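Here the structure comes first, spelled out in structure tokens, and everything after it is commentary.
The values are calculated or read from the model by the stated rules, or taken from the named source; none is laboratory data. Everything numeric in this text was worked out from a predicted model, so none of it was measured. Here the Cβ positions follow ideal geometry from the backbone for every residue, glycine too, while neighbour counts run over all protein chains shown. Each accessible area value is taken on the protein alone, full model and side chains, heavy atoms only, with ligands, DNA and RNA left out. Shrake-Rupley method; radii C 1.70, N 1.55, O 1.52, S 1.80 Å.
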Amino acid sequence: MSTSRVANAPVVTIDGPSGAGKGAVSAGVARRLGWHVLDSGAVYRAVAAAALDRAIAADDESGLTALCEDLDLVFEAAPAGISVRLNGSPVDDRLRQEEVSVMSSKVASIPAVRSALLDFQRSYRRLPGLVADGRDMGTVVFPDASCKVFLDASVEERANRRYKQLKDKGENVNFLRLFRDLEARDRRDRERTVSPTVPAEDAFVIDSTSMTLKTVIENVLAVVRQRV
Ligand code: DC
């Protein structure tokens with residue numbers, strides 16, 4: 001399989017709100033197609049974690065932009081999927097912490113941060129193809145993608161999934177707090193002026209509220225077969 005960067009390698013974009021299942025669906029679709037995967041949420045989370053580590057404030061636009069331009073972030077294949085290294089150290093658990101989630105949503109609302117991360121994200125466009133997971137993959141980062149999916153689910157269902165995930169990991173979670181945090185993050189992501197979380201005009205919208213992961217993956221693959 002060639003991994004060279006190719007500007008016209010096919011891209012499938014999977015956008016949608018937090019907890020809609022984009023990560024698992026993207027990984028499943030990429031595995032079935034034998035394509036690469038870009039988790040753009042992890043890119044924003046890495047910027048947030050690095051900012052917290054260096055005490056750069058959420059409103060320090062020039063500090064955050066400099067951080068993006070100097071981001072030492074590597075995604076590598078690991079037994080449990082993809083593992084993320086920031087400045088040489090594994091950061092998978094750190095990126096999922098609540099303080100990083102909250103900070104990532106704030107840094108992601110800054111236009112200069114989003115622009116500074118464009119080339120990095122586009123560098124993942126490689127043969128034989130890329131499955132790109134995020135909020136603005138189909139609208140801004142890969143507007144010429146051959147197949148665009150917008151994956152949605154009710155906020156109750158998304159909060160339930162997240163609650164179960166955290167409980168399974170042995171974490172002590174409060175459902176109501178999690179639900180409210182998710183609603184607040186949704187609002188910030190959907191209502192921001194730059195790259196809001198909205199479906200691209202040519203996106204195929206899938207509501208996964210009452211679907212299994214397997215059914216969603218089959219639905220996405222059916223759209224890919226039609227469009228790619
Ligand atoms: O998908 P996620 O929860 O890992 O994303 C973390 C944050 O980054 C979330 O607040 C939305 C933001 N994000 C974004 O603005 N654009 C993307 N392409 C991906 C994520």
In the range 191-211, residue nearest to the ligand (Cβ to nearest atom) [restricted to those that are farther than 21 Å from Val11 by Cβ, in a loop (DSSP other than H, G, I, E, B) and open to solvent by 80 Å² or more (accessible area, probe 1.4 Å)]: Thr193
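Taking the criterion of being free of Cβ contacts under 8 Å to residues at least 40 places away in the same chain, open to solvent by less than 50 Å² (accessible area, probe 1.4 Å) and out of contact with any Gly (no Cβ under 9 Å at 6 or more places or on another chain), would at least one residue in the range 31-40 satisfy it? It would help to see each step written out before you state the result.
Within the range 31-40, the first condition is being free of Cβ contacts under 8 Å to residues at least 40 places away in the same chain, and the residues that meet it are 31.
Of the ones still in play, those that are also open to solvent by less than 50 Å² (accessible area, probe 1.4 Å) are none.
No: zero hits.
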For the range 41-76, which residues satisfy the criterion of being in contact with a strand residue (DSSP E or B) (Cβ under 8 Å, 6 or more places away or on another chain) and open to solvent by 50 Å² or more (accessible area, probe 1.4 Å)? Asp72, Val74, Glu76
Looking only at helices (runs of 4 or more DSSP H) that fall completely inside the range 17-87, which ones have 3 or more residues that are within 13 Å of the ligand (Cβ to nearest atom) and within 23 Å of Gly129 (Cβ to Cβ)? 22-33, 40-53
Check off (1) surrounded by 14 or more Cβ atoms within 10 Å (Cβ to Cβ); (2) within 22 Å of Leu221 (Cα to Cα) for Met103 and give me the number that stays unchecked. (2)
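Condition test on Ser109, is it open to solvent by 10 Å² or more (accessible area, probe 1.4 Å) and closer than 19 Å to Val198 by Cα? Walk me through how you get there before you give the answer.
On the way: open to solvent by 10 Å² or more (accessible area, probe 1.4 Å): yes; closer than 19 Å to Val198 by Cα: yes.
Yes, satisfied.
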